[in-house]
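Scroll down for the structure; my scribbles are underneath it.
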Amino acid sequence: MGKLSFDQLLDLYLLLSVDRIGPAKISSLLSKFKTFQNIFSVSNQELQEVEGISKELSSRIRKIYSQRNSVKEFVEKELNLLKKIGGRIVTVWDEDYPKLLKKIYDPPLLLYVKGKFDEKDDYSIAVVGTRGPTNYGKLQAERFVAHLADQGISIISGLARGIDSIAHKTSLKHNSRTIAVIGSGLDVIYPPENKKLFDEIAEKGVIVSEFVLGTKPDAVNFPKRNRIISGMSLGTLVIETGINGGAMQTARLALDQNREVFAMPGNLGVRQSEGTNLLIQRGEAELVTSAEDILNELELKLKPIIGKNIPKPQKDLNMFEEKIYNSLSNEPLHIDKISELTNLSTSDCLVHLLSLEFKGLVKQLPGKVFGLI
């Protein structure tokens, strides 16, 4: 669809204002009717042909169009206020919408954003945990994040007190990118003592919210926020959390989104370690004792920037093998493409690929296609 025009954005707000109409139903409606205008033009009966659209919902969709002028005033006001605070709206159809987030079941159709996304953000790791960490948790959070940040990994968290704030601050201290996903409007900073941190993240990273301006940080907002934290990340690291902590919810959401979950083990009898230990015990999270454990587990997904954010394999490679190895990514390539990328003949590539196979770094697939192991 591409970047939305003002009228398309207005129609999107109209649909989102209908009770019990969310991203999944709007996506289904667009899949059938192609444009927002068509959705408002078709009959009730045609709307009901879409899965999940009942007679009641179809009637609401038809009626909401009569409120277009009042919603138009709201959207114009929203855009003006956003401009004043240096924010903008990014929709799921925009090029700079986070690629990983787009892959979850119910990605938000629009985000309020302050700051700029970067290609590195496609290789992010979420770090979450309790608002009241132990000294052990604080030290380990700093250690994990410092190492990940030094490898060029973007760190995502929720700007809350405790582990979240430590994750953001440590990332910034190491001159790395960090993304804060908040459970309030972009103009409502919570907790208020994080105003300076909020501003620094907006300048050097990104602040993200799904909520309209002025939204207070109510408890009901945080589950929606947590699905964005996990959805924007390749994996989620849980430092310390109680059994019923918000970080446990983020871990469950990550699992539902088919993302990796990592947990730092803690001492028995310590409330802040009960959640992480339970995740490990249930096999829902991988026990990690260092950032290297995370990088090794995610190595294939991080291959596009190997050598920049994770160490190259400790293998003796000649210059031709290294050239071929560096041309490969997590997507298998045909021998002709490898030859083109490396400027080596097909026969030379085959010789050195065979050597890489023996070293356990490359696998051959049917049709002279090769991929990294």
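Among residues of segment 299-328 being at pLDDT below 55 and over 24 Å from the mean Cα position of the chain (by Cα), the one that is surrounded by the most Cβ atoms within 10 Å (Cβ to Cβ) is PRO313.
Residues in segment 219-243 that are touching a residue at least 24 places away in the same chain (Cβ under 8 Å) and over 24 Å from LYS301 (Cβ atoms): ASN221, PHE222, PRO223, LYS224, GLU240, THR241, GLY242, ILE243.
Restrict the check to segment 128-144 and report whether at least one residue is under 20 Å from SER209 (Cβ atoms) and within 18 Å of the chain's Cα centre (by Cα). Yes: one or more hits.
Just one of the listed residues (LEU159, LEU197, LEU139) is at pLDDT 95 or above, farther than 21 Å from THR250 by Cα and touching a strand residue (DSSP E or B) at 6+ places or on another chain (Cβ under 9 Å), and it is LEU197. Can you find a residue that is in a loop (DSSP other than H, G, I, E, B), of a type outside the set (Asp, Glu) and at pLDDT below 90 anywhere in segment 282-298? Checked against the condition, which is being in a loop (DSSP other than H, G, I, E, B), of a type outside the set (Asp, Glu) and at pLDDT below 90, segment 282-298 yields at least one hit. Taking the stated definitions as given, is ILE207 over 25 Å from GLU299 (Cα atoms) and part of a strand (DSSP E or B)? Answer is yes for this residue.
Annotation: of all residues in segment 233-254 being closer than 24 Å to VAL206 by Cβ and of a type in the set (S, T, N, Q), the one that is surrounded by the fewest Cβ atoms within 10 Å (Cβ to Cβ) is GLN249. Within segment 34-51, the set of residues being surrounded by 17 or more Cβ atoms within 10 Å (Cβ to Cβ) and either closer than 20 Å to GLN67 by Cβ or in contact with a strand residue (DSSP E or B) (Cβ under 7 Å, 6 or more places away or on another chain) (or both) comprises PHE36, ILE39, PHE40, VAL42, LEU47. Being surrounded by fewer than 18 Cβ atoms within 10 Å (Cβ to Cβ) and touching a residue at least 24 places away in the same chain (Cβ under 8 Å), is that true of even one residue in segment 201-208? The answer is yes, given that some residue of segment 201-208 is surrounded by fewer than 18 Cβ atoms within 10 Å (Cβ to Cβ) and touching a residue at least 24 places away in the same chain (Cβ under 8 Å). Taking the criterion of being part of a strand (DSSP E or B) and open to solvent by 30 Å² or more (accessible area, probe 1.4 Å), the residues of segment 349-368 that qualify are LYS363, GLN364, LEU365. Note on segment 80-97: residues that are more than 15 Å from the chain's Cα centre (by Cα), open to solvent by less than 20 Å² (accessible area, probe 1.4 Å) and either over 16 Å from ILE228 (Cβ atoms) or modelled with pLDDT of 95 or more (or both) total 2. If you go through segment 1-48 and keep only what is in a helix (DSSP H, G or I), charged (D, E, K, R) and within 18 Å of VAL92 (Cα to Cα), you end up with ASP7, ASP11, LYS25, LYS32.
The values are calculated or read from the model by the stated rules, or taken from the named source; none is laboratory data. Just so you know, these numbers come straight off a predicted model, no measurement behind them. Don't worry about glycine lacking a Cβ; one is built from the backbone with ideal geometry, like all the others, and counts go over all protein chains shown. Just so you know, the surface numbers come from the protein's heavy atoms only, side chains and all, with ligands and any DNA or RNA stripped out. Shrake-Rupley method; radii C 1.70, N 1.55, O 1.52, S 1.80 Å.
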